[in-house]
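The values are calculated or read from the model by the stated rules, or taken from the named source; none is laboratory data. In this text, all values refer to a predicted model and were calculated from it rather than measured experimentally. Cβ atoms come from the backbone with ideal geometry, glycine included; neighbour counts cover every protein chain shown. With ligands, DNA and RNA removed, areas are computed over all heavy atoms of the protein, side chains included. Shrake-Rupley method; radii C 1.70, N 1.55, O 1.52, S 1.80 Å.
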Amino acid sequence: MKKLLTILFFVAIGTSLTNAQSWRYYRNEFSFGVGATTFLGELGGNPGDGVNGLRSVKDIDLAMTRYVFSVGYRYIFNPYFAGRINFYQARVDGDDQKTENPYRRNRNLHFKSPISELGIAFEVYPFKEYIGHPYRLTGARGKKNRHLSPYLMAGVSGFYFNPKAQFERSGSWIKLHDFQTEGVDYKRMQISIPYGFGLKYSINRTWSIGFEYTWRKTFTDYIDDASDVYIDQADVAAHAQANGLNVNHALYFADPNLGLPEATSYPGKISAGEQRGDNTDLDSFNYAIFSVHYRLLKGRFNLPKF
């Protein structure tokens with residue numbers, strides 16, 4: 001009897017240690033996600049005036065919500081901390097005709113742009129990430145079944161954007177960068193600081209699903225091709241001619257205002273030096289992503305057995 005109790009004791013200790021260290025065998029994880037992105041910049045927004053500093057959440061235009069896809073690799077350092085690499089492909093849009101603000105509607109700017117982003121990030125789990133049983137054992141004794149793991153994340157990314165618009169709002173979409181609508185040759189490769197929060201639900205030790213909401217702080221104000229002031233129309237035309245660009249397109253994209261009567265300070269073409277954007281407040285964009293995660297058993301693919 002004593003020998004049996006001793007054997008059972010060591011078996012119990014061994015099982016406990018194995019469960020406690022099980023995350024070491026599942027350090028590597030791959031993910032795929034799909035979701036929505038919103039843009040905060042000069043175009044569109046709420047009927048009131050813009051908010052300086054961080055772009056106001058109330059300026060989010062749900063009508064301009066677009067897609068984002070992501071793929072990623074993740075490495076678990078310990079149950080409280082993980083690092084990852086992700087690639088995102090998204091699209092952002094903005095349109096002055098989607099706001100009731102009379103001056104923005106009269107300005108009549110619009111754009112769309114792809115966002116191709118590659119970045120690294122780190123995740124912190126305040127309550128330890130739950131890996132799960134090999135199979136979901138509802139009601140298993142000895143430990144409370146917990147499947148949810150909240151976390152915080154932050155990192156750094158590089159991203160590419162390329163705003164486009166339609167001439168007189170019809171036909172093909174034309175790249176705006178080369179026209180230098182504000183006389184600025186801005187860089188389309190930029191850095192962003194992603195940060196946010198997420199929640200993972202562990203189905204078993206192999207599979208989990210999750211939701212993540214993140215903000216992107218950027219260091220550019222030209223994702224929507226609008227930032228500062230109008231420049232002289234003669235300069236716009238001269239630049240277009242010197243670079244073999246369509247002059248009519250150049251003049252329109254620089255100033256397509258409608259001359260609306262309620263925007264009385266904007267009769268006809270707007271004078272050089274008048275406000276076109278707000279260069280004190282940089283552009284940003286947000287992702288809301290639902291994802292599926294697959295963990296690899298150390299040393300091999302842990303395909304399910306039937």
Q: Report, to the nearest whole %, how much of the accessible area of the stretch 65-111 belongs to carbon and sulfur atoms, 1.4 Å probe, protein only.
A: 60
Q. Once phi is turned into ³J(HN,Hα) by the Karplus curve 6.51 cos²θ - 1.76 cosθ + 1.60 with θ = phi - 60°, what whole-Hz value does each residue of the stretch 64-76 show in order, with x for glycine and proline?
A. 9, 5, 10, 8, 8, 10, 9, 9, x, 10, 10, 10, 8
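Using a Förster distance of 30 Å, how high is the FRET efficiency between residue 298 and residue 34, based on the Cβ-Cβ distance and rounded to 0.05?
0.55
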Q | Computed P(r) (all Cα pairs; the stretch 165-270; 5 Å bins; percent) | A | 2, 10, 15, 15, 14, 10, 8, 7, 6, 5, 4, 3, 1, 0
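Can you give the FRET efficiency for residue 242 and residue 173, using 1/(1 + (r/R0)^6), R0 = 22 Å, r = Cβ-Cβ distance, to the nearest 0.05? Can you show the working numbers first?
Details: r = 24 Å, r/R0 = 1.07.
Plugging the Cβ-Cβ distance into 1/(1 + (r/R0)^6) gives 0.40.
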